[in-house]
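Before any comments, here is the structure.
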Amino acid sequence: MRIFLACGSYLLQLMVWVAVLRLWVTSRSRIKHERRNFGSAVFSDHYELRHFLTQGIVLGLGLSVVNVLVGFSLPLLWIVVYEILAVITLIILPTTVLPLTLIVVSSLVVYFGGPYIKDLPSLAPTGLSWGNGGLDQVLPQNYLWLAAVFFLILGHWVSHYGGRFTAPRIYAKQRGKRIAGYPWREFLVLPMVTLVPGDWFASHWAFWPLLTIHGHSFAILVVPLLVGLRFTVFRQVPQAVYQTLAKKMVWLAVVGMAFFGWSIYRGQDLPILLVLLLVGYAIILWRAKRYDEHQQFWYSQVDDGVRVLAIRPRTPAVKLDLAAGDIILECNHRPVDSETSFYEALLINPTYCHLKVRNMAGQLKVTETAIYSGAPHEIGIVLFRDQEG
């Protein structure tokens, strides 16, 4: 029962509700943008919030089990600094979530500034400790453990969800043609069980769970951990890009674990190792962006057909074996070169759709499926809309 009450404290933290509000605003903005540009939303549900509630909790539970087994702890000062910075970031920089930067900056603030601010105010009368370093408190190496775990979770999440929800966004014109990109702006907030030095919680609330390790008391606290990625694909298959990024995140997790082991023997290198992880992360994202920029392909409008930008789920188009980037050359044996001509061709046979398509590799294929009788606009293929005037 005590564990459930402690877990309930997670819902009382401001950062959690700011993150929920930020995700709702982001999801609502995406849906409105898709309706304005494509007539209806590619994904009409708020999948960002669904992932937040499902994947966030599942990954958080897994991380919490590992943390309890290894006795992972964080100083209260780190938790306070981290949550303050996270709330500010979510409010002021709504489209730029910097989760790893928050971990590194919070760790450096506590590492260098902890000795100056840990006693302001003093928590000695309460029995609680800011817990900034020291053998009797929290080992600074735990910050590297947290960074390594962050990369491992991010790699797992990107591998399983990267590119699965490819909602296009229209960007500036390229050589007179509109182009589409595929942004990913999702983030999760994981409920992470951690140990906090001191017995203040248990002394004030008898129900609070407490652990004693080597004679020192640690309260069990559920802390929100922000995990996310901001990236936009313009010239490649999004799922392939994210699979590559996921592998590199896992390698960064391995490097982080190696740094963790190194810092046990050379604790003075901790700040440098944290910065190196952050720099490595930035380099990986920068190189991925540069590689995307140097590809020849664009998700752009074409003159000889209509470009497929996305496929709406649970529509007849799912059975057509189409993918974003394909070019529909003919519909029901009639050449098409615009959204209007495509739907006019669909009306030739209002219950069936026959397409001739050229994929991103330049290969031709023929595909067909039944469609909703009398409602060809619900076939589920997302195209560039015809421009007025």
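The values are calculated or read from the model by the stated rules, or taken from the named source; none is laboratory data. What you are looking at is a predicted structure, and each value in this text was computed from that prediction instead of being measured. Methodologically, a virtual Cβ is constructed for each residue, glycine included, from the backbone with ideal geometry; neighbour enumeration extends over all protein chains shown. Ligands, DNA and RNA are stripped out before the accessible areas are found, and what is left, the full protein with its side chains, is counted by its heavy atoms. Shrake-Rupley method; radii C 1.70, N 1.55, O 1.52, S 1.80 Å.
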Of (1) surrounded by fewer than 17 Cβ atoms within 10 Å (Cβ to Cβ); (2) modelled with pLDDT of 95 or more, Val302 satisfies every one except (2)
Pairs needed: first member in region 178-194, closer than 19 Å to Phe231 by Cβ; second member anywhere, of a type in the set (Val, Ile, Thr) and open to solvent by 10 Å² or more (accessible area, probe 1.4 Å); C-beta distance under 7 Å; at least 6 residues apart or different chains. Ala180/Ile170; Gly181/Thr232; Tyr182/Thr166; Tyr182/Thr232; Pro183/Thr232; Arg185/Thr26; Arg185/Thr95; Phe187/Val97
Is there a residue in region 313-324 that is open to solvent by less than 20 Å² (accessible area, probe 1.4 Å), in contact with a strand residue (DSSP E or B) (Cβ under 7 Å, 6 or more places away or on another chain) and within 18 Å of Gly362 (Cα to Cα)? yes
Looking across region 356-376 at residues that are part of a strand (DSSP E or B) and under 22 Å from Trp298 (Cα atoms), the single one that is least open to solvent (accessible area, probe 1.4 Å) is Val357
Among the residues of region 256-305, the number that are in contact with a strand residue (DSSP E or B) (Cβ under 8 Å, 6 or more places away or on another chain) and in a loop (DSSP other than H, G, I, E, B) is 6
Screening Val254, Val222, Val193 for residues that are within 25 Å of Leu144 (Cα to Cα), open to solvent by less than 10 Å² (accessible area, probe 1.4 Å) and either modelled with pLDDT of 85 or more or not basic (Lys, Arg) (or both) leaves only Val222
If Gln301 satisfies every condition in (1) closer than 19 Å to Pro168 by Cα; (2) more than 35 Å from the chain's Cα centre (by Cα); (3) of a type in the set (S, T, N, Q) but one, which is the exception? (2)
How do the pairs read when you match residues in region 303-320 that are touching a residue at least 60 places away in the same chain (Cβ under 8 Å) and farther than 22 Å from Gly181 by Cβ with residues anywhere that are assigned to a loop (DSSP other than H, G, I, E, B) and of a type in the set (A, V, I, L, M, F, W, C), using Cβ under 7 Å and keeping only pairs 6 or more apart or on different chains? Thr315/Ile379; Pro316/Ile371; Pro316/Ile379
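For (1) open to solvent by 40 Å² or more (accessible area, probe 1.4 Å); (2) modelled with pLDDT of 95 or more, each residue gets a yes or a no:
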| site | (1), (2) |
| --- | --- |
| Pro140 | no, no |
| Phe151 | no, yes |
| Gly162 | no, no |
| Gly176 | yes, no |
Matching residues in region 231-251 - criterion: being in a helix (DSSP H, G or I) and open to solvent by 20 Å² or more (accessible area, probe 1.4 Å): Gln239, Ala240, Gln243, Thr244, Lys247, Lys248, Val250, Trp251
Tell me, yes or no, whether region 328-343 has at least one residue that is part of a strand (DSSP E or B), open to solvent by less than 20 Å² (accessible area, probe 1.4 Å) and either among the polar types (S, T, N, Q) or out of contact with any Leu (no Cβ under 7 Å at 6 or more places or on another chain) (or both). no
Heads up, the helices (runs of 4 or more DSSP H) in region 1-101 (entirely inside) with at least 3 residues that are open to solvent by 10 Å² or more (accessible area, probe 1.4 Å), modelled with pLDDT under 90 and under 30 Å from Asn142 (Cβ atoms) are 2-8, 47-70, 76-92
